[in-house]
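One structure below.
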Amino acid sequence: MKRLKNFILGLLIVVIVGFLLFMYIQDGRITEYQDYFLQFEWFQPLLISLAALLILIGLILVFSIFKPTHRKPGLYKDFDDGHVYVSRKAVE
């Protein structure tokens, strides 16, 4: 499930960055398409909201770094010089 979520998140980032880059590039071959999109009154707020969404996704990814990782089920004991882990199979 985590891989699917990361794949969808990565795909969303690529699509948003690609679309924002498409609107930023000044090239004669795509000027007609850019002008077509800019004639709609909802388009510039859409660009701003896509940029905000991209920033929000970046912040979520940065804060997810600090989330504790999943620990395997078993017994953990921390000492000053390290820790000991005993698996369930070893206990049984």
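The values are calculated or read from the model by the stated rules, or taken from the named source; none is laboratory data. Bear in mind the structure is a predicted one, so any value in this text is a computation, not a measurement. Every residue, glycine as well, gets a Cβ built from its backbone with ideal geometry; the counts of neighbours run over all protein chains shown.
Annotations for the structure displayed:
- Residue within segment 71-84 that is at pLDDT 80 or above and surrounded by 11 or more Cβ atoms within 10 Å (Cβ to Cβ) present: no
- Pairs linking a residue in segment 33-54 that is under 11 Å from Leu20 (Cβ atoms) to a residue that is aromatic (Phe, Trp, Tyr), with Cβ atoms under 7 Å and 6 or more positions apart or on different chains, are Leu50/Phe19.
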